[in-house]
Amino acid sequence: MKKKLLATFMTFAMTASLLAGCGGGGSVSTDTSSDTAAEETATDDAAAEETTDDAAAEETADAAADATAASGDLADKKVGVCIYQFADNFMTLFRTELENYLVAQGFSADNISIVDGANDQATQTNQIQNFITDGVDVLIVNPVNSSSAASITDMVVDAGIPLVYINREPDADEEARWEENGWNVTYVGCDARQSGTYQGEIVADLGLDTVDLNGNGKIDYIMIEGDPENVDAQYRTEYSVKALEDAGLEVNELDDQVGNWDQATAQQLVSNALSENGNDIEVVFCNNDAMALGALQAIQAANRTVGKDIFLLGVDALTEALEDIIDGTMTGTVFNDHFAQSHSAADAAINFVNGESNDYYIGCDYQKVTANNAQEILDLVK
Ligand code: GAL
């Protein structure tokens, strides 16, 4: 019976996408396919017996409902937001901006509930169940483990609630499932390969002569990784080094450690690496700025000087990191645009609440930050 409804949905989806000219690129679609998809999640098997005529009649009814919702009051709608961990600098910027923007769009602050998963998937799964019981109109989830996305999606879709994933991208199979089933599920985030590439390019642009302080003809680096389960950590690690190689530079990895996005952990790891490898370390790549700030503490404690006898890179463009770049105590970072990401996530949630559909992947761009533009980015984020 489900198959029959799916076939009906596919017909509508195909017609709608043909009419829409199959446009992609992160834009919001107002086609009617999502209405049918939303119904699929919400209806029981008996409803699956409906004829195409019935479905068409419902389309008209839904269009009317959508029009009401679109012009109606978001203040009555409830949003549940699950953050993997409040004690994360970048996600703190993200969730603060998300809340402000949701309120600016018309949600009541009382109806926006943001919860801390405390880096524990079981805790977060409970929070999602509670939001379902509470009957939220839409869920925004920053998963603790991206690998739990399939079970989170099943739970939320079964409850007929639209879902916006943020920051930690589920894998390709999981994303394909949303599209295959026409579910009201999407992901909003940036492609971490770009951030890794930008880190490597900042170093490559300095040139071998500047960076190769020990004169062995290679870039000797250490890598401080974020949570290894996370594609952001995996891609930044891989693509920063790849960018050096693509620029024709030879690389030599002296150490690769997991700092779990955490400043204090990174400080300890870099301190150890500096004692073990001494002046051979020319570049410290950190998968994020929090860890780069910890690395800087270790570098300064070891009496090394960034820009003179060592180079330090992060990602995110935290205020403190930008100030360090301006002061010359950090080489560069990559702006992880929490404004664009939180606004896109909220816009996607609003579309779902209004009965409209979204693309299944909503991307954004990173931006390279060096001493040349750090002040400009600081003015933007402050
Ligand atoms: C990354 C960000 C890190 C950390 C991580 C959490 O995009 O650069 O600082 O917040 O997300 O998943």
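Just one of (1) open to solvent by 40 Å² or more (accessible area, probe 1.4 Å); (2) not assigned by TED's automatic domain parsing to the domain that holds ASN184 trips up ARG304, so point out which.
(1)
Do we have any residue at all in the stretch 115-125 that's under 21 Å from HIS343 (Cα atoms) and either open to solvent by 50 Å² or more (accessible area, probe 1.4 Å) or of a type in the set (A, V, I, L, M) (or both)?
Yes, because at least one residue in the stretch 115-125 is under 21 Å from HIS343 (Cα atoms) and either open to solvent by 50 Å² or more (accessible area, probe 1.4 Å) or of a type in the set (A, V, I, L, M) (or both).
Can you name the residue in the stretch 140-153 that is in contact (Cβ under 8 Å) with a residue 40 or more places away in the chain and open to solvent by 10 Å² or more (accessible area, probe 1.4 Å) and, of all such residues, is nearest to the ligand (Cβ to nearest atom)?
SER146
Quickly run through the stretch 293-333 and pick out the residues that are of a type outside the set (S, T, N, Q), within 16 Å of the ligand (Cβ to nearest atom) and either closer than 18 Å to ASP220 by Cβ or not in a helix (DSSP H, G or I) (or both).
ALA295, LEU312, LEU313, GLY314, VAL315, ASP316, ALA317, LEU318, MET330, GLY332
Hey, does the stretch 333-345 have a residue that's among the small types (Gly, Ala, Ser), in the same structural domain as VAL81 (by TED's automatic domain parsing) and in contact with a Leu (Cβ under 7 Å, 6 or more places away or on another chain)?
Yes, the stretch 333-345 contains at least one residue that is among the small types (Gly, Ala, Ser), in the same structural domain as VAL81 (by TED's automatic domain parsing) and in contact with a Leu (Cβ under 7 Å, 6 or more places away or on another chain).
Would you mind stating whether ASP158 is free of Cβ contacts under 8 Å to residues at least 12 places away in the same chain and farther than 25 Å from ASP227 by Cα?
no
Being basic (Lys, Arg) and within 29 Å of CYS82 (Cβ to Cβ) is the filter here; which residues of the stretch 328-382 pass it?
If the condition is that a residue be basic (Lys, Arg) and within 29 Å of CYS82 (Cβ to Cβ), then LYS382 is the only one that fits.
Answer yes if at least one residue in the stretch 266-279 is within 16 Å of the ligand (Cβ to nearest atom) and within 30 Å of ASN358 (Cβ to Cβ), and no otherwise.
no
For ASN288, state whether it is touching a Phe, Trp or Tyr at 6+ places or on another chain (Cβ under 7 Å), within 29 Å of ALA118 (Cα to Cα) and within 13 Å of the ligand (Cβ to nearest atom).
yes
What number of residues within the stretch 357-382 satisfy the criterion of being closer than 30 Å to GLU180 by Cβ and buried (at least 21 other Cβ atoms within 10 Å of the Cβ)?
4
So in the stretch 154-167, with the set limited to residues that are surrounded by fewer than 22 Cβ atoms within 10 Å (Cβ to Cβ) and of a type outside the set (A, V, I, L, M, F, W, C), which one is farthest from the ligand (Cβ to nearest atom)?
By that ranking, first place goes to GLY160.
Looking at the stretch 338-356, which of its residues are touching a helix residue (DSSP H, G or I) at 6+ places or on another chain (Cβ under 9 Å) and open to solvent by 30 Å² or more (accessible area, probe 1.4 Å)?
Of everything in the stretch 338-356, those that are touching a helix residue (DSSP H, G or I) at 6+ places or on another chain (Cβ under 9 Å) and open to solvent by 30 Å² or more (accessible area, probe 1.4 Å) turn out to be PHE339, HIS343, ASP347, GLU356.
In the stretch 240-265, what residues are away from the ligand (no atom under 12 Å from the Cβ), surrounded by 16 or more Cβ atoms within 10 Å (Cβ to Cβ) and outside any strand (DSSP E or B)?
Selection gives SER240, VAL241, LYS242, ALA243, LEU244, LEU249, THR265.
Could you tell me which residue of the stretch 168-198 is nearest to the ligand (Cβ to nearest atom), considering only residues that are hydroxyl-bearing (Ser, Thr, Tyr) and outside any helix (DSSP H, G or I)?
Among them, the one singled out is TYR187.
Can you run down the residue pairs with Cβ atoms below 7 Å, 6 or more apart or on separate chains, where the first is in the stretch 279-301 and farther than 9 Å from TRP261 by Cα and the partner is small (Gly, Ala, Ser) and more than 16 Å from the ligand (Cβ to nearest atom)?
So the pair list comes out as ILE281/ALA273; ALA298/SER271; ALA301/SER271.
Restricting attention to the stretch 214-239, and to residues there that are hydroxyl-bearing (Ser, Thr, Tyr) and more than 13 Å from the ligand (Cβ to nearest atom), which single residue is most open to solvent (accessible area, probe 1.4 Å)?
So, considering only residues that are hydroxyl-bearing (Ser, Thr, Tyr) and more than 13 Å from the ligand (Cβ to nearest atom), the one most open to solvent (accessible area, probe 1.4 Å) is TYR239.
What pairs come out if I take residues in the stretch 369-382 that are more than 18 Å from LEU312 (Cα to Cα) and pair them with residues that are assigned to a helix (DSSP H, G or I) and of a type in the set (Lys, Arg) whose C-beta lies under 7 Å away, six or more apart or interchain?
Pairs found: none.
The values are calculated or read from the model by the stated rules, or taken from the named source; none is laboratory data. Being a predicted model, the structure only gives us computed values, none of them experimental. Heads up, the Cβs are rebuilt from the backbone with ideal geometry, glycines too, and the neighbour counts pull from every protein chain shown. Ligands, DNA and RNA are stripped out before the accessible areas are found, and what is left, the full protein with its side chains, is counted by its heavy atoms. Shrake-Rupley method; radii C 1.70, N 1.55, O 1.52, S 1.80 Å.
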